[in-house]
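Trainee: Let me begin by handing over the structure; questions about it come next.
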Amino acid sequence: MPDAMERYEEALGHYEIAVASVLQPDKLQNNDIVQYGDDLFAKVDTAFPQFGDYLLADCRTGEIVQQKVGKYDEVQRRFKRKEIQIVPSELFDLRLACLNNLTLVALKIAKGSQRQCDFEETLARADAALAMDGKSAKALMRMGTAFIETKRMDHAAQVLTLAAQETRGKDAEVNRLLEQVMVAKGKGGKGKRKGKDKEKKVTQEDQIAKHFSVCASCGKHGCNDPECGDKHFSSSDEEEAVSQSWAQASSRDAAQSGDADIGESGQLTNGGSTETMTKSSSGDGSRGDGTSAEDTAVAPSQKSSSRHTIHKQSSLLIPIVVAVVIALLAVGGFFVWRLEDSANVMHQEVEL
């Protein structure tokens, strides 16, 4: 590891020599990379060549470089051409890569020695890399690791959150470190996940209970008809009442839709429930129990329930009819093909 440190330090020395040999143009353009102080880098945000000055956006923060005016106020600083030095993008990327690798080597040395000074060296290396690119995920992750090792969880949470944002949550190591910090701060996700699982389990139980509950109005399981209201039974003590209600509703719906079978004896049969009906010879539409036809008129809600049943039966018949039609078309096509084939064979025999 010390040899690696020496090699990277040597590469940084070559960088300084290379930058010093770069020809400096008289005027700069927007987005040119420049160095405006000791280890401070920026991009030209706005060039004013007619005035010979420039506004710079710092590479760490991405904001316009400011300067103090008076005790509290700050204004945008305009740099003269001689105050800044242009840096080719190739040399800039080379220096950033060297600093990121130096941070990694320093972190490994610090983990091996567990000395505070070595972790501080790691933080300094990472800070130098972030001065060139404030969104460098590698530098942020290694800085966060150093903060974790030195028990500074608040700082670790800040830099690792930025690293997670830059990697869009796709870096497994960043996610692991961030979870470790959250657990150490007492904000781990395990307890919350258990609570969510418990809440989800309760919700599923409620849905199951609702599905198997029986409506007191229409006698159906899991009824969602708004006309029935919120009248459901679930206890075994009321099963007999529910069965009677369901039988009456089924008989009434079948009578209205015309799907029930009426025998010669005048019995109305539907789903195992039977209601005896007698025919009146007087022809006045009265029933055997003396109740007139007007008294037995179906209520609007009953009519609506009957229409709802008919609609459901129709919706079930549609796919069956479509399947039958497709099957018939397939069979018909097969027979047509066979007839054409037979006709071709007979035509060939006639020619012979």
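All of the numbers you see were taken from the coordinates with simple rules; none came from a lab. Just so it is clear, the model here is predicted, and its values are computed rather than measured. Note that each Cβ is placed from the backbone with ideal geometry, even for glycine, and that neighbours are counted across all protein chains shown.
Trainee: Provide the gained length on full extension for the span residue 67 to residue 154, in nm with one decimal, where the gain is 0.36 nm per separating residue minus the Cα-Cα distance.
Mentor: Result: 28.4 nm gained on full extension.
Trainee: Let me ask something else. Could I have the simple spin-label model distance between residue 27 and residue 165, label points 7 Å from Cα toward Cβ, reported in nm to one decimal?
Mentor: 3.7
Trainee: What is the Cα centroid distance between segment 1-15 and segment 70-85, reported in whole angstrom?
Mentor: So the two Cα centres are separated by 33 Å.
Trainee: Also: Quick one: of 111/135; 68/170; 43/170; 27/135; 108/135, which pairs are farther than 31 Å apart, Cα to Cα?
Mentor: Where the Cα-Cα span goes over 31 Å, the pairs concerned are 68/170.
Trainee: Sticking with this one: Given the Cα-Cα distance of residue 135 and residue 78 and 0.36 nm per residue of separation, how much length would full extension add, in nm?
Mentor: Value of the extension gain: 18.0 nm.
Trainee: Under unit Cβ charges (Lys, Arg +1; Asp, Glu -1), what dipole magnitude, rounded to 20 debye, does segment 93-187 have relative to its Cα centre?
Mentor: Value, rounded to 20: 200 debye.
Trainee: With the crude spin-label approximation of a point 7 Å out along Cα→Cβ, what separation in nm comes out for residue 183 versus residue 323?
Mentor: In this crude label model, residue 183 to residue 323 measures out at 5.2 nm.
Trainee: Going out from 0 in 10 Å bins, what whole percent of all Cα-Cα distances in segment 23-87 drops into each bin?
Mentor: Pair shares across the bins are 23, 54, 20, 2.
Trainee: Find which of 174, 105, 129 sits farthest along the positive direction of the dipole of segment 93-187, computed with +1 on the beta-carbon of Lys and Arg, -1 on that of Asp and Glu, about the Cα centre.
Mentor: 174
Trainee: Would you mind ranking 14, 155 so that the residue whose beta carbon has the fewest other beta carbons within 10 Å leads the list?
Mentor: By the 10 Å Cβ count, ascending, the order reads 14, 155.
Trainee: Within segment 46-109, report the trypsin sites (Lys or Arg not before Pro) that DSSP leaves as loop and that have at most 15 other Cβ atoms within 10 Å.
Mentor: 71
Trainee: Now for a separate question. Just the ratio, please: alpha-carbon radius of gyration of segment 93-187 over 2.2 N^0.38 Å, N its number of residues.
Mentor: 1.00
Trainee: Treating the beta-carbon of each Lys and Arg as +1 and of each Asp and Glu as -1, no other charges, what is the dipole magnitude of segment 23-87 about its Cα centre, to the nearest 20 debye?
Mentor: Computed about the Cα centre, the dipole is about 180 debye.
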